[in-house]
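What follows is a single structure, written as structure tokens, with notes after it.
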Amino acid sequence: MAERTDKLATGRGTQAHSGAEARELTHTLALLFPPSGADRDYPAVQLAFIGGVAETATTYGYDLLLTPCKSGKDLSFRRMVDERRVDGVIVMEVRREDDRIQHLTETAFPFVAIGRNSRTTEVGWVDLDFAGLASGCVRHLAELGHRRIAFVNKSEQIFTSGYGYARLGSEGYTEAMREMELAPHAYFSGDDIAAGEDVVQRILHDDPATTSLVVMNEAALEGIYRGLTRHGRSVPRDFSVVGVAASRWAEQVSPPLTAAEIPAKEMSRIGVDLMVEQLTSPASPPRHVLLKPLITLRASTGPCRPVPDTETEPEFPDFDF
């Protein structure tokens, strides 16, 4: 984990930043955080991020403005930035091509990102090493003897929209599978129980010999477990599951999930720290913090037991006598 920075006094009066004249402080930070739930709501992991940002902003003397805007074309976003209604912006749910970041960069408005893309190289950001974590999950299963390893990602809509964590997780899984000369089988899933059950049905239909999977969709976990039970697969006796998930999700399923933690509150605190550093010392070089949490071993993974009647029989040559 990254070390917390010391608190920085924000002071009162005016503030100068690159590309803008000195201006009156608002003592308010904005958090750009579109909800990711199927019904445009905030799942528990998103609420943890919001709570972490709000709590840390308060310790620095800032109010927090939460806006669900996901596009730089949103009128509320343009008013907030162009009229300087906040002192700085924290951007979340960062996409590979993100016009919010493009506009903030072009207008030289102070911002940091929780998440990253190619346009955040010159600003501060904090992110989770999703590619590395997905790769680590694959290697953990391989060490247990698993060779038929599937991958459950977020929804196809989130993936095609370019969200970094969905793309990076998929890339890390695929690269690790190919390095070990294993065939990758990646699937999309919605964020609910029914979607989790459905993705298990698709996985076992495509390859009944699958013995394990890596999950990058914690909201589908309960459905995945239910789907495995319905298909007669006991976790971890004859099917292993490992993933990237906040501890509350990992510990509420039975058996508890072996997983790399999503440290939502820690990432939120670091994001606010970086924002305040930028506002207080705009000439300082930006800091980039990539968190690489270890996989916590719980009870959802075990040695591979091949599925009966699904293994290919060995072929023997014919001999003429």
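Below, the figures for the structure above:
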quantity	calculated
Highest-first arrangement of 237-245, 118-126, where packing means the average Cβ count within 10 Å	237-245, 118-126
Within the stretch 215-293: Cβ-based charge dipole about Cα centre, in debye rounded to nearest 20 (Lys, Arg +1; Asp, Glu -1)	240
Globularity ratio of the stretch 178-313, using Cα Rg and 2.2 N^0.38 Å	1.33
5 angstrom amide H check on SER240, placed H, neighbours 5+ away	SER212, LEU213
Estimated vicinal HN-Hα couplings, Hz - the stretch 200-205 in sequence order (Karplus 6.51, -1.76, 1.60; Gly, Pro = x)	5, 4, 5, 4, 6, 5
Cα-based helix-to-principal-axis angle, 164-179 vs the chain, degrees rounded to 10	40
Surrounding net charge for GLY243, when Lys and Arg each add one and Asp and Glu each subtract one, Cβ distance under 13 Å	-2
Cut-off under 5 Å, modelled amide H: who pairs with LEU25 long-range	GLY13, GLN15
Peptides 247-255, 287-295 ordered by average Cβ neighbours within 10 Å, highest first	247-255, 287-295
Spread of Cα-to-Cα distances over 10 Å intervals beginning at zero, given as percent, for the chain	6, 26, 29, 19, 12, 5, 2, 1, 0, 0
Cut-off under 5 Å, modelled amide H: who pairs with LEU66 long-range	LEU31
Value at 222 nm in deg cm²/dmol, rounded to 500, when DSSP H runs of n ≥ 4 in the chain each add -39,500 (n - 2.57)	-11000 deg cm²/dmol
Among LEU104, SER234, SER189 the positive-end extreme of the charge dipole of the chain (Cβ point charges)	LEU104
Cα convex hull of the stretch 116-159 - mean projected area over all directions, nm²	4.4
On Cα atoms only, tilt of 221-230 relative to the major axis of the chain in degrees	10
Hull-based mean projected area of the stretch 130-249, where the convex hull spans the alpha carbons, in square nanometres	6.7
Dipole in debye (nearest 20) - the stretch 116-159, about Cα centre, beta carbon charges: Lys, Arg +1; Asp, Glu -1	200
With every protein chain in place, the stretch 99-235: carbon and sulfur % of accessible area (1.4 Å)	48
Positive-end residue of VAL89, ALA113, LEU64, charge dipole of the stretch 43-149 with Cβ unit charges	ALA113
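The values are calculated or read from the model by the stated rules, or taken from the named source; none is laboratory data. Everything quoted here is computed from the prediction, not taken from an experiment. Virtual Cβ from ideal backbone geometry, glycine too; neighbours counted across all protein chains shown. The accessibility values were calculated without ligands, DNA or RNA, using every heavy atom of the protein model including side chains. Shrake-Rupley method; radii C 1.70, N 1.55, O 1.52, S 1.80 Å.
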